[in-house]
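Remarks on the structure that follows.
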Amino acid sequence: MYLNKLHKTYLIRSHPNDDNWFGVKGREYLLLEGKKAHISASLFYLIDVIRSVLLYDWRRIDCIIFVRYLMGTAYLPSPLHKLAYLFFSKIVPSSTLMFYINVNPNEAMRRINLNRLRKERFETSSELTNVSVKALELIRYGNWIIIDGDKSINQVHKEIVMRIQNSTKMFSPSF
């Protein structure tokens, strides 16, 4: 990884995370259908993210990489997704380098079908399209760099590294 070459410390946190009860419960609800499951999955996701922020933000790490961090709000119903994003973007730590890896819903569905035994409640063509539209709407409120996620992992990695190399603001978080 590029950060290793720079001798930078880093941590990758993905949500929901299976290393705590909130993440485990959130993942369980993602496998269920219905409004109660949708609300429960969202609430447990939120608590899981807040837990990560509280546990890891104060640590002396050069770079913390959160997967589905603020963009997890795109899974909320409209217009709540926008309100939640605007609220949380004001209170959680952010960075001068925030990447949104934009994967076409059809490509996302193809990858899910190849790699999953069980699908989560949001892993249908219509849900992926709905979340994608909302996420692309939300990125205009932040300092997001859009990366074409339909490319290979290596190509996506190279583009992110190039963006980091071209940034003079690397590792200077804004709170």
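Bear in mind these aren't lab numbers, they're just calculated from the coordinates by the rules spelled out. Quick caveat: nothing in here was measured; it's all calculated off a predicted structure. Glycine also receives a Cβ, built like all others from the backbone with ideal geometry; neighbour counts cover every protein chain displayed.
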**For residue 76, net neighbour charge (Lys/Arg +1, Asp/Glu -1) across residues whose Cβ lies under 14 Å away** = +3
**Request:** At a temperature of 25 °C and a viscosity of 0.890 mPa s, determine how fast segment 75-170 diffuses translationally according to Stokes-Einstein, using the Kirkwood radius over alpha-carbon pairs as Rh; express D in µm²/s, rounded to the nearest whole number.
**Result:** 164
**Fill in**
Rounded to the nearest 0.05, FRET efficiency between residue 19 and residue 96 (Cβ-Cβ, R0 35 Å) equals 0.80
**Item:** Segments 142-153, 21-32, 75-86, 42-53 sorted - mean Cβ within 10 Å per residue, highest first
**Value:** 42-53, 21-32, 75-86, 142-153
**Asked** Based on the Kirkwood radius over alpha-carbon pairs, what value in µm²/s does the Stokes-Einstein equation return for the translational diffusion coefficient of the chain at 25 °C and 0.890 mPa s?
**Response** 143
**Asked** Between residue 99 and residues 5 or more places away or on another chain, which pairs have amide H atoms under 5 Å apart, with H built 1.01 Å from N, and which residues are they?
**Response** 145
**Above-threshold pairs, the threshold being 23 Å between Cα atoms, out of 90/151; 8/158; 82/119** = 90/151; 82/119
**Request:** Can you pull the one-decimal nm distance between simple spin-label points at residue 67 and residue 114, each 7 Å off the Cα toward Cβ?
**Result:** 1.6
**Fill in**
Non-local residues with an amide H under 5 Å from the amide H of residue 94, with H modelled 1.01 Å from N and Pro and chain starts lacking one, are 174
**Asked** In deg cm²/dmol and to the nearest 500, what is the mean residue ellipticity at 222 nm of the chain if only DSSP H runs of at least 4 residues count, each as -39500 (n - 2.57), divided by the residue total?
**Response** -15500 deg cm²/dmol
**Message:** Skipping prolines and chain starts, which residues have an amide H placed within reach, meaning under 5 Å, of the one on residue 65, given they are 5 or more residues away or on another chain?
**Reply:** 11, 12, 13
**Message:** With a cut-off of 8 Å between alpha carbons and a minimum separation of six or more residues, what is the relative contact order of the chain in percent?
**Reply:** 24
